[in-house]
Amino acid sequence: MPNRFVNAGKILTTNTQVIYTCPDDHQVSVHSLFFTNTNIENDERYVSISIFDSSENMEFYVGKNLPVPANSTLSFDKSINLEENDVLKVKADKDSEVHGFISALLITPISI
C-alpha cells in the first residue's frame, strides 16, 4: 500500500489519552498538531504532549503544560516522527475544553 495521509482528533481530558499509535511495519511523520481552547469563560488552558517510544519502552514529553490562550489555537509546525508502535499522547488541565487534532503521513516501507 502506498504512503497516505491520516488524521486523528480528541476532546482532551485531564487523563492522558492516546491520540495516535503508529501501526506495525510503518512509520509516521506527524507534520501538524493543533490544540484549540473552546472554554466559554475566556480562561487559558494547558496541554501536555508525550511520546511513548516503544523501542526504549519509555515515555518522553514533547511539551508539558503548554498554554493555550482563551479562544485560540496552539499549533506545532515541526514534524514528530514515530516508529512502529510508538504512541502520541495528550492531556489537558481541564476536561472537555481543549480539542486536539493531528495530521500525519503514514509511511509504508517498500517491499523488495
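Values in this text are rule-based calculations from the coordinates and carry no lab data. For clarity, every value in this text was computed on a predicted model and none was experimentally measured. For neighbour counting, all protein chains shown are included, and Cβ atoms are generated from backbone atoms with ideal geometry for every residue, glycine included.
Shown here: the chain, whose C-alpha atoms stretch 56, 27, 20 Å along the first, second and third principal axes, sorted largest to smallest.
Per-peptide packing, taken as the mean over residues of other Cβ atoms within 10 Å, places 92-105, 14-27 in the sequence 92-105, 14-27 from highest down. Once both labels are positioned 7 Å from their Cα atoms along Cα-to-Cβ, the gap between ASP53 and LYS94 label points is 3.5 nm. Our estimate of slack between ALA70 and ILE110, defined as 0.36 nm per intervening residue step minus the Cα-Cα distance, is 9.9 nm.
Using 0.36 nm per residue and subtracting the Cα-Cα separation, the extra length available between ASP43 and LYS78 on full extension is 9.9 nm.
Label reach from ASN3 (point 7 Å along Cα→C-beta): in the range 70-91, amide nitrogens under 15 Å belong to 79-83.
One decimal place: the segment ASP25-ASN85 gains 20.7 nm when fully extended, by the rule 0.36 nm per residue minus the C-alpha distance. Extent along the principal axes, Cα only, for the range 71-112: 49, 20, 13 Å, with the longest axis given first.
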